[in-house]
């Protein structure tokens, strides 16, 4: 009888040790998985959710996270109000879900659509936009051309369509200086 108690105690200790080892292994695997996540995967886990982004110069922009590219994201706060945000300009994100997309789950096309591609779509659309720069400056314009590392815009009155007679100037903006491009001038606040 005493031997049975001793063996039962040893089995309980072994079971507790095995459970502790499993818990430690799960924790270590979880840390390793999180360590492989990039910002884009973390953001993809919040697609469809309202988020708030902190940008340089005290700017914030909020809206539903609609798309995430390798170096940009798209927010919307209505059917016609959309903002393309350069991912390198993002200083913080609030409103994320607890979950992330798994690394490498972006589709082949989605993973290749860079900020330049998104801006080329804006150029084809010919929408009047407000360009927010990382120094806090804004430019009301229409995107004319997108190069390898720059965007060229035609400046004009805020919210007005691009008309040859209303174009004030043309400005080249390096992509590194770009924080956000917004269809409507009133969504980014200071």
- prompt: Has segment 148-163 got any residue that is out of contact with any strand residue (DSSP E or B) (no Cβ under 9 Å at 6 or more places or on another chain) and either assigned to a loop (DSSP other than H, G, I, E, B) or assigned by TED's automatic domain parsing to the domain that holds residue 60 (or both)?
  reply: yes
- prompt: Of (1) surrounded by 10 or more Cβ atoms within 10 Å (Cβ to Cβ); (2) at pLDDT 80 or above; (3) more than 30 Å from residue 159 (Cβ to Cβ), residue 56 satisfies all except one. Which?
  reply: (3)
task: Return the total of residues in segment 151-174 being modelled with pLDDT of 90 or more, surrounded by 14 or more Cβ atoms within 10 Å (Cβ to Cβ) and out of contact with any helix residue (DSSP H, G or I) (no Cβ under 6 Å at 6 or more places or on another chain).
output: 6
- prompt: So which of 79, 27 ends up being at pLDDT below 80, outside any helix (DSSP H, G or I) and more than 10 Å from the chain's Cα centre (by Cα)?
  reply: 79
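The values are calculated or read from the model by the stated rules, or taken from the named source; none is laboratory data. No experiment lies behind these values; they were computed from the predicted model shown. Don't worry about glycine lacking a Cβ; one is built from the backbone with ideal geometry, like all the others, and counts go over all protein chains shown.
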